[in-house]
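What follows is one structure encoded as structure tokens, with my remarks underneath.
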Amino acid sequence: MQEEISATKYDPTSVEQRWYSYWEENGLFHSEPDEREPYTVVIPPPNVTGVLHMGHMMNNTLQDVLVRRARMMGKNALWVPGTDHASIATEAKVVGRLSEQGIRKQDLTREQFLSHAWDWTREHGGIILKQLRRLGASCDWQRTAFTMDEVRSKSVIRVFCDLYDKGLIYRGLRMVNWDPKARTALSNIEVVYKEEHSKLYYLRYYVADQDAVRPTGAEGEVLHRDEDGRYYAVVATTRPETIMGDTAMCINPKDPKNQWLRGRRVIVPLVGREIPVIEDRYVDIEFGTGCLKVTPAHDVNDYNLGKTHHLDSIDIFNPDGTISENSPLYVGLDRNVVRKMISKDLEAAGLMEKVEDYLNKVGYSERNPDTAVEPRLCRQWYLKMPHLAKIALKPVLDGEIKFYPDRFLGTYRQWLENIDDWCISRQLWWGHRIPAYYLPSAEGEEERFVVAESREEALERAHKIAGCEHLKAEDLRHDEDALDTWFSSWLWPISLFDGILHPDNPEIKYYYPTADLVTAPDIIFFWVARMIMAGEEYMHQVPFRNVYFTGIVRDKLGRKMSKQLGNSPDPIGLIDKYGADGVRLGILLCTSAGNDILFDESQVEQGRNFCNKIWNAFRLVKGWTVSDDAPRSEAAEVAVKWFDARLKATVAEMDRDFEQYRINDAVMCSYKLFWDDFCSWYLELVKPAFKDGVQDPIDRGTYEATLGFFDALLRLLHPVMPFITEELWHALDPAREGDSIMRQRMPGAGKVDEALLADFASACQTVVDIRAVRQAKNIPVRDTLRLQVKGAYPALLAPVVSKMAGISQVESVADFGSGAGQVFMVGTTQYNIPLEGLVDTGAEIARIKAEIQRYEGFLRGVNAKLSNERFVANAPEQVVALERKKHSDATTKIENLKAQLSKLENL
RNA sequence: GGGAGCAUAGCUCAGCUGGUUCAGAGCACCUGCCUUACAAGCAGGGGGUCAUUGGUUCGAAUCCAAUUGUUCCCACCA
């Protein structure tokens, strides 16, 4: 320590490692239920194979601040960590790795594939949890959970069966959003719509029965004929590659342009197949030519048209997005390739009328952002939403759960009020396998199944079905699909405490509901809303009280951080460079609820500099020699009293900020308290004089008080900067070995002596003004000055200006005398620094004149108010009184200045 | 197409229930200092029609309306 303390820079590396191990080894993050008030936070589980990015950094720093603070407020704080199996993302990574080794997923059995996936999980899983330790996260690691561990898996299965038995889960055949890369269905919210520049292709659909075409003569009718006189319709489409699936063309019956097409049949270009022309009001007359090609298998709207008009449906795609055998053309080719190809072929065949640029919205898979979603008709599992949406809406509208910022309430409400059933099945292996078992069935027979937690139970259930009494276990076919990842995440606050399987266990009863949830607004639907549903359904209680929405971390230019752009700093690299405390402070200072943050390394630099400041303040204090006989200086006397008040006032302010989740404000408060109030004022005031190369000793009383303040400041800062505060808290007193700052209480707010704070502020202003005079006149600090005062001034002024501004003497005078001096005002009190020969009278006159002008302008404004009868009559008394005070103060100031001016002019 | 947010100093943003926290903070910038804790620092300083236009009010950065710009969310128009 002795050697380390001589360093003028704080070195976080060894400190951070040492204390984190200490905390963990001593179980300081661990919580067990006891008689204290619980404070619970569950981590938004990061992907098990993920690595820490800036978003995690911000999010987890915020959580850690809340948790550490709660712990030091005397609560039994618990922060439960864990990871998410992230089925699509993880499965995609595993598939990717296998294919690098030349292995295709379809060549593996389910068991073989899962074994690879578990290998991958063990290999990469937990990296992110280690990284969170570097950040200082005070998670109870003994409780680390995984969405696919035993308790969580069983909970998911139990809930599925329960919801099925309640009639909330069903199997349905409908259009789903299909991800052809992952080859799975997606829920609606997993589709991200992106605007993109594409083409609108105008295709010729020749009329089949040319001879039957009769112009109707309707006004505005548009007939198309080629050079041979053959009639054709023109269809505008963005997806020419789907024409092989066309089973109709649709016009609006009211469309005058296309009256002649009513009742006709047309020929699908290239394909040559005849399809009917149907009529439906759905078609927009204004769009394109008013003719719509109908492909019921590949478009939701077309599907609906197909249903109402009883059209055939031709599915021309394979699950991977290549053209299937159902198509006469392009079989086996990818849909994106075919689009280019077919447009050329259409062109060549003279079937392409024209191509226009077109801006349209295309749905992409959230997890495979390069893959456009393909609407596809298939059978999936769904969870009914009306009941769950209803129970999830109430606690938020009632304010039982509070959102910070509360504007997300509107988003939340709107979504729940217009919610679709949730497609919960995924055609993936990595995840919780759907506990449905199909009974043997003959070809064409409707599928029959039972839902149960195990095959044995399923068999029992199956036996109860007529005709199935003799089935054997192996006759049951287990559903191949897995559940949506969010179907496990939504149970997280419950399943972490085993509340699904054992609803009455002491842990769930103690820790649930959790206190605060810190998360990003983009998962408000995916996760937040659904956790509330599950909480209400299974615990009959909200899962958390407050939801703090963070913003998105962007770079300095406002761009989202991404791997592609390479604009995302490596968080661990930042910690290596600046220290975890510095990084935490840097992030916290620019975070406010719901607002995106524009991250720049300079903010982290600021954090590091602050660590340095704390470190050096510590060096100063620890470097003092203490004397039991030395008397306490007047300046120290004032400083101790003042800082005590200042500290209490700041604590109160921070408490208010935390209550409203204005965390950045609270952090800034403590930053300024330490840097400005403690270092720049307090320490400078109590700092013993330095004479003849020797520093005077400090008196014991002031020293003890200073250590006390330092201690309080460290406690106040601990939630934000856990490492340096623990280090210095120990260094303050060797007797603390074996203890931890984490176990101490936060400083409390107390009654604040406001008058003292005001007096001190006035004295500070005086110091600043004196220093300004010194700088302007180039008077070094070692040359002491005299200060004359006209009027009332605070009693603590003299010691403060003496110590801080090099004033040897403060004289109360009736008049500043005839000699030249530098006069200034603090409030309405006039001060003068006699400076014979140093004052430029001309410049001074000009300055005072400008000053007078400024105050006169101010006074005019005040007078305007005061002479307004309605103001005097209507405004609250206090406000009017204030205005009167402004008036009298300004008048006094102007008088003072004028007197000063005339004196100078008469020199 | 529907909804929400934002617009205040060069940058990032506070400004909460209209009135001394009213025009603020941090960073950046300028000037002077290597003053025995800290140059990653100290001291001092400049800088803004509060997007625009109306309205409410004794009084508006603050409340209301419209406009402009911008960001985000939701929605099946090929």
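Miscellaneous remarks
- Rounded, prolate or oblate (a/c below 1.5 giving rounded, otherwise prolate when a/b exceeds b/c) for segment A:1-64 by Cα gyration tensor: oblate
- Counting only protein chain heavy atoms and rolling a 1.4 Å probe, the accessible areas of A:ARG847, A:ARG281 rank, largest first, as A:ARG281, A:ARG847.
- Cα centroid separation, segment A:667-700 to segment A:706-773 (Å): 11
- Prolate/oblate/rounded label for segment A:317-367 (Cα gyration tensor, a/c 1.5): oblate
- Distance cut-off 15 Å, percentage of C-alpha pairs in segment A:49-93 lying past it: 59
- Shown in residue order for segment A:152-168 are the 3J(HN,Hα) couplings computed by the Karplus curve 6.51 cos²θ - 1.76 cosθ + 1.60 at θ = phi - 60°: 5, 5, 4, 4, 4, 5, 4, 5, 4, 4, 5, 5, 5, 5, 6, x, 8 Hz (x for Gly and Pro).
- Of the GluC sites (Glu not before Pro) found in segment A:335-379, none is in coil by DSSP with at most 15 other Cβ atoms within 10 Å of its Cβ.
- Ratio of Rg to Rh over segment A:564-628 (Cα coordinates, Kirkwood Rh, two decimals): 1.20
- Calculated log₁₀ intensity ratio I(q)/I(0) where the Debye formula runs over C-alpha points of segment A:496-638, q = 0.12, 0.16, 0.18 Å⁻¹: -0.77, -0.95, -1.04
- Taken over segment A:1-154, the alpha-carbon convex hull comes to 161 cubic angstrom per residue.
- Over segment A:560-694, relative contact order from alpha-carbon pairs under 8 Å, at least 6 apart, %: 25
- Measuring only protein heavy atoms, the 1.4 Å probe finds A:ARG264 accessible over about 50 Å².
- Rounded to the nearest 5, the antiparallel percentage of DSSP beta bridges internal to chain A is 70%.
- Of the peptides A:547-555, A:317-325, the order by per-residue mean of other Cβ atoms within 10 Å, starting with the highest, comes out as A:547-555, A:317-325.
- In segment A:188-343, the ratio of gyration radius to Kirkwood radius, Rg to Rh, stands at 0.97 when only Cα atoms are counted.
- Convex hull volume per residue in cubic angstrom - Cα atoms of segment A:474-548: 108
- Solvent-free Debye calculation, one equal scatterer per alpha-carbon of segment A:701-783: log10 I(q)/I(0) at 0.15, 0.20 Å⁻¹ equals -0.77, -0.91.
- Distribution of pairwise C-alpha distances over segment A:806-867, 10 Å bins, in %: 17, 41, 27, 13, 2
- For A:LYS556, a cut-off of 30 angstrom between C-alpha atoms picks up these lysines, skipping any fewer than 8 places away in its own chain: A:LYS9, A:LYS130, A:LYS194, A:LYS361, A:LYS577, A:LYS613, A:LYS672.
- Of every Cα-Cα pair in segment A:629-782, the percent that sits beyond 24 Å: 43
- Restricting the calculation to Cα atoms, every distinct pair contributes to the Kirkwood radius of segment A:424-542, found to be 16.7 Å.
- Split the accessible area of chain A by element, probe 1.4 Å, and carbon with sulfur accounts for 49%.
- Rolling a 1.4 Å probe over the protein heavy atoms gives chain A an accessible area of 45 Å² per residue.
- Size of segment A:632-678: Rg and Dmax of its alpha carbons, in Å, are 12.6, 41.
- Calculation over all alpha carbon pairs of segment A:284-365 in 10 angstrom steps from 0 returns a P(r) of 15, 37, 43, 5 percent.
- With N as its number of residues, segment A:79-200 has a Cα radius of gyration that, divided by 2.2 N^0.38 Å, comes to 1.36.
- Packing, as the average of other Cβ atoms within 10 Å across residues, places the peptides A:193-199, A:292-298 in the order A:292-298, A:193-199, highest first.
- Three-way shape call for segment A:750-897 based on the alpha-carbon gyration tensor, with the a/c threshold at 1.5: oblate
- Rounded D (µm²/s) - segment A:161-267, Kirkwood Rh over Cα pairs, Stokes-Einstein at 37 °C, 0.692 mPa s: 183
- Among A:GLU851, A:GLU469, the order of accessible area from largest down is A:GLU469, A:GLU851, computed with a 1.4 Å probe on protein heavy atoms.
- For the peptides A:869-877, A:483-491, the ranking by mean Cβ contacts within 10 Å, running from highest to lowest, is A:483-491, A:869-877.
- HN-Hα J in Hz across segment A:180-190 - Karplus 6.51, -1.76, 1.60, θ = phi - 60°, x for Gly and Pro: x, 7, 7, 6, 8, 6, 10, 7, 4, 7, 8
- Each of A:ARG782, A:ARG265, A:ARG71 has its accessible area taken with a 1.4 Å probe; listed largest first, they run A:ARG782, A:ARG265, A:ARG71.
- Take A:MET668: with every protein chain present and a 1.4 Å probe, its accessible area is about 60 Å².
- Based on Cα atoms of segment A:824-907, Rg over Rh with Rh as the Kirkwood radius reads 1.12.
- Inverting the pair-averaged 1/r between distinct Cα atoms of chain A gives 34.0 Å as its Kirkwood hydrodynamic radius.
The values are calculated or read from the model by the stated rules, or taken from the named source; none is laboratory data. Remember, it's a predicted structure, so these values are computed and weren't measured experimentally. Cβ coordinates were reconstructed from backbone atoms using ideal geometry, including for glycine residues, and neighbour counts include every protein chain displayed. Protein only, heavy atoms only, side chains kept; ligands, DNA and RNA dropped before computing areas. Shrake-Rupley method; radii C 1.70, N 1.55, O 1.52, S 1.80 Å.
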